[in-house]
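For reference, the structure discussed in these notes is given below.
The values are calculated or read from the model by the stated rules, or taken from the named source; none is laboratory data. Computed from a predicted structure; not experimentally measured. Virtual Cβ from ideal backbone geometry, glycine too; neighbours counted across all protein chains shown.
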Amino acid sequence: MALQKRYLVYIGLFVLMFINYLDRVNLSVAAKSISETYGLSPIDMGYIFSAFLWTYLICLIPMGMLADRYGGRAVTYTTLGIWSLAGIWTGLATTYSSLFASRLVLGVGESASYPAGGKIIREWAPEGERGIASAFLNCGAHAGLCVGSVVVGSLIVTFGWRESFYITGIAGVVLALLWFAFYRQPERASWLGAEERDFILKNRGSIAGRGAGEMNQSAALKGLLSSPSMWALALTQGCAGYTLYLFMTWLPSYLAATRGMDVLKSSLFSAIPYGVAAILGLGIGWFSDRLLKRSGRANADRRKLIAAMLLLSSVILAAPFVDSIWVIETLISISLACVASAMAMNIALTADLMTDGRYNGAATSLLIMGGNLFGTAAPIVTGYVVAATGGYSGAFLIAGVLLLGGAVVITAGARTPIRLSVAPEARIQDRAASIV
């Protein structure tokens, strides 16, 4: 097939997450200017930083259910518009309460990104391309973290901190309009050739369930929560997410405290691993699909590949024992790239195991919930560890142990298809599907 237009959708998911994380990092880069403008204390800024996560976590599962009900297109362009306007609102805010409210709204909008993205992957990606499609989705976030601080910093220096929110917000609004104009399911995309459409529909797996009729969404959620495989996926995502949030929140401080770097240098050295993760993540996603196509055992082998990535990412345990900054940077880059790849392939594995694709949005929501619940604990736990020990060795030890634990959980736990209503004959099929 000469031109695979479905990759335009994968690239769209990359850009979606790039803008998502560009908007997230905007506040971090502008924090000093904002605190000076409003005379805010570190505690005040702490609440502003955390406001986003409050609504993000609360809305994750409802957004997944909305994606299942209304489809990836409607939820994506609507919530993308919401969070982009919330970013513009941050720039317009003149009071602390207004600033705080804008971050709450941002969390509502951005909570739909991964659930809707998971739904879109299930709609568009053939079974043999879910790895690379999920890598595009996840690596967009790391690319946003890599270049976001540089881009936003330049905007603040050139135009001002308020204008930086206007510009990134407008970029999101433009992207929302493009999603509205061009995105459709493969069945309805007029710009997609008939040959490629037939290929996608034949190879993407079942979108509708095998049972008669459509179950209530609350019943579907209950079925997901009763699935051992779903719990294993969410727990594994949490073990990986802990390390990701550790890097996101404490890496600059670690480099400054242990290597004597100034703010500019620590920001640069913090950005490099995200760039490596974005590039290697796409490569590993592509490689995983090629590997699984050759083996013909996608579920079992994708599970093993996730475990291998988590084991490799535990090289971060060696960081406290290394003196060379470039060796440390290499260890962090390898760890972050493997964590990012494991989390992306976990999204793909969730789609693999779901027998009813109509509820893939809710399943992805539960997966991302697991990652974020562990992730939000990482900066707090790390703070206590650093305060108690005066160093970061304990923090890396906790992350390494969780990564090793995640490898065990995904290998042993995510073995059977996720069925929302299990008949006796389905249980027999489940046992047959749990091939190591």
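Condition check ((1) modelled with pLDDT of 90 or more; (2) touching a Ser or Thr at 6+ places or on another chain (Cβ under 9 Å); (3) part of a helix (DSSP H, G or I)) across all residues:
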{"site": "Tyr7", "(1), (2), (3)": "yes, no, yes"}
{"site": "Tyr21", "(1), (2), (3)": "no, no, yes"}
{"site": "Asn26", "(1), (2), (3)": "no, yes, yes"}
{"site": "Met63", "(1), (2), (3)": "yes, yes, yes"}
{"site": "Gly72", "(1), (2), (3)": "no, no, yes"}
{"site": "Thr78", "(1), (2), (3)": "yes, no, yes"}
{"site": "Trp83", "(1), (2), (3)": "yes, yes, yes"}
{"site": "Ala86", "(1), (2), (3)": "yes, yes, yes"}
{"site": "Ser97", "(1), (2), (3)": "yes, no, yes"}
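Would it be correct to say that Val385 is in a helix (DSSP H, G or I) and without any contact (Cβ under 8 Å) to a residue 40 or more places away in the chain? Judged against the criteria, Val385 is a match. Only one of the listed residues (Ala399, Ala351, Ala318) is touching a Lys or Arg at 6+ places or on another chain (Cβ under 7 Å) and farther than 19 Å from Gly283 by Cβ. That residue is Ala351.
Conditions tested, residue by residue: (1) closer than 24 Å to Gly128 by Cα; (2) surrounded by fewer than 21 Cβ atoms within 10 Å (Cβ to Cβ); (3) under 18 Å from the mean Cα position of the chain (by Cα); (4) assigned by TED's automatic domain parsing to the domain that holds Leu420.
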| site | (1), (2), (3), (4) |
| --- | --- |
| Gly281 | yes, no, yes, yes |
| Asp289 | yes, no, no, yes |
| Arg294 | yes, yes, no, yes |
| Ala308 | yes, yes, no, yes |
| Val327 | no, yes, no, yes |
| Ser341 | yes, no, yes, yes |
| Asp356 | yes, no, no, yes |
| Thr364 | yes, no, yes, yes |
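Checked against the criterion of being within 23 Å of Asp352 (Cβ to Cβ) and at pLDDT below 90, the candidates Gly117, Gly209, Gly153 yield just one match: Gly209.
Picking from Asp301, Asp323, Asp352, which residue would you name as being outside any helix (DSSP H, G or I), out of contact with any strand residue (DSSP E or B) (no Cβ under 6 Å at 6 or more places or on another chain) and of a type in the set (D, E, K, R)? Every option except Asp323 fails the conditions. Taking the stated definitions as given, is Ser84 of a type in the set (S, T, N, Q) and either surrounded by fewer than 16 Cβ atoms within 10 Å (Cβ to Cβ) or more than 19 Å from the chain's Cα centre (by Cα) (or both)? Against the criterion (of a type in the set (S, T, N, Q) and either surrounded by fewer than 16 Cβ atoms within 10 Å (Cβ to Cβ) or more than 19 Å from the chain's Cα centre (by Cα) (or both)), Ser84 does not qualify. Among the residues making up region 130-170, those that are more than 24 Å from the chain's Cα centre (by Cα) and more than 21 Å from Ile82 (Cα to Cα) are Ser154, Leu155, Ile156, Val157, Thr158, Phe159, Gly160. Test each condition in (1) of a type outside the set (Asp, Glu); (2) surrounded by 15 or more Cβ atoms within 10 Å (Cβ to Cβ); (3) part of a helix (DSSP H, G or I) for Leu40 and report the one that comes out false. Unmet condition: (3). When each of Leu251, Leu268 is tested for being of a type in the set (A, V, I, L, M, F, W, C), without any contact (Cβ under 8 Å) to a residue 24 or more places away in the chain and part of a helix (DSSP H, G or I), the lone residue that passes is Leu268.
Counting the residues of region 216-248 that are in a loop (DSSP other than H, G, I, E, B) and touching a residue at least 12 places away in the same chain (Cβ under 8 Å) gives 1. Helices (runs of 4 or more DSSP H) fully within region 109-196 that include at least 1 residues being free of Cβ contacts under 8 Å to residues at least 60 places away in the same chain: 130-158, 161-182.
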